1. Kindly establish whether GLY192 is modelled with pLDDT of 95 or more, out of contact with any His (no Cβ under 8 Å at 6 or more places or on another chain) and not acidic (Asp, Glu).
2. Can you tell me how many residues within the range 92-118 are hydrophobic (A, V, I, L, M, F, W, C), in contact (Cβ under 8 Å) with a residue 40 or more places away in the chain and over 19 Å from GLY47 (Cβ atoms)?
3. Looking only at helices (runs of 4 or more DSSP H) that fall completely inside the range 67-156, which ones have 1 or more residues that are closer than 22 Å to THR215 by Cβ and among the acidic types (Asp, Glu)?
4. Taking the range 157-186 as the search range and keeping residues that are in contact (Cβ under 8 Å) with a residue 40 or more places away in the chain and assigned to a loop (DSSP other than H, G, I, E, B), which one is most open to solvent (accessible area, probe 1.4 Å)?
5. Only one residue in LEU99, LEU112 is touching a Gly at 6+ places or on another chain (Cβ under 9 Å) and crowded, with 19+ Cβ neighbours inside 10 Å. Which one?
6. For the structure I just gave you, tell me whether GLU128 is closer than 24 Å to LEU89 by Cα and either open to solvent by less than 20 Å² (accessible area, probe 1.4 Å) or more than 12 Å from the chain's Cα centre (by Cα) (or both).
7. Kindly list, by first and then second residue, each pair from a residue in the range 187-208 that is closer than 15 Å to PRO127 by Cβ to a residue that is open to solvent by 60 Å² or more (accessible area, probe 1.4 Å) and modelled with pLDDT under 95, limited to pairs with Cβ atoms under 6 Å and residues at least 6 apart or on different chains.
8. What are the residues in the range 200-228 that are part of a loop (DSSP other than H, G, I, E, B) and open to solvent by less than 50 Å² (accessible area, probe 1.4 Å), if any?
Amino acid sequence: MIEWTEEAIVLAARRHGEADVVLSALTDGHGRHQGLVRGGAGRRMRGTIEPGNRLLVTWRGRLDDQLGGYTIEALDEPVGRLIDDGLRLTALGALSAVLDRSLPDRLRIGGLFERTAALIAAIEHAPETVWAAAFVLLERDLLADLGYGLDLGSCALTGVTEDLSHVSPRSGRAVSRAAGAPWAGRLLPLPGFMTGSLPLDAVEVAEIVDGLRLTLYFLDRHLFSGAGQPVPPLRIALADRLARRSGRGPSSADGTNPMEIR
């Protein structure tokens, strides 16, 4: 029998039969890991296993590659505290869904658990633009963690490192404003905070929308539609809600969908 105990962040809980659920959780030592929770579909446990909550989990299985089973203990439940804040609750659900759908099972990525926990704390406590910009940066870093990193250090056409304003949807490389001007309509806007040229507390909502559009394009290309699965609806909802706050409406400033750019 194999057994281990760790803190975990709930990513998803999928019903299994009438009474049980398969819990997908992010751990530090075992990555995204699944296990069966007996009685998890019942009313008593329902609030505990909401995506974004933190648990102490013990996983047991005969073999390491089996589904195995979880016993769980609640440690922190931010979902309950955010129940009246629709935008932050949407962000928490979007974060959990992105990680659940993009992370390979049981792949440990150093530091990801801590970064995710820090973002959840920011979603609950930080100003809106700060946590939303941090959300974009986590997605940017997640792409790099999984081998699809964006090259935002210099212009793909000229090699300059200043005034980088766009990203090529084909290569994922940055392009300067001057070099990209003839093709600006077919490039993805690159907000300054994604390259470190703008502090998070100075970011505007419109720039965050550009960042969400940029990371979503590459997440979809490599990890969602590219892998035969849809974009998480809550991730779309988060971008749309912030776009409306920026005055852009439910998509980008020019009315295009990021997935239509090729």
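1. Against the criterion (modelled with pLDDT of 95 or more, out of contact with any His (no Cβ under 8 Å at 6 or more places or on another chain) and not acidic (Asp, Glu)), GLY192 does not qualify.
2. Result for the range 92-118: 9.
3. So the answer is 86-102, 112-125, 128-145.
4. Ranking the candidates gives ARG170 first.
5. The unique qualifying residue is LEU112.
6. Judged against the criteria, GLU128 is a match.
7. Filtered contacts from the range 187-208: VAL205/ARG245.
8. Scanning the range 200-228 gives VAL203, LEU223, PHE224.
The values are calculated or read from the model by the stated rules, or taken from the named source; none is laboratory data. Computed from a prediction, not measured in an experiment: that's the story for all the values here. Heads up, the Cβs are rebuilt from the backbone with ideal geometry, glycines too, and the neighbour counts pull from every protein chain shown. Note: accessible area is taken over every heavy atom of the protein model, side chains too, but ligands, DNA and RNA are not part of it. Shrake-Rupley method; radii C 1.70, N 1.55, O 1.52, S 1.80 Å.
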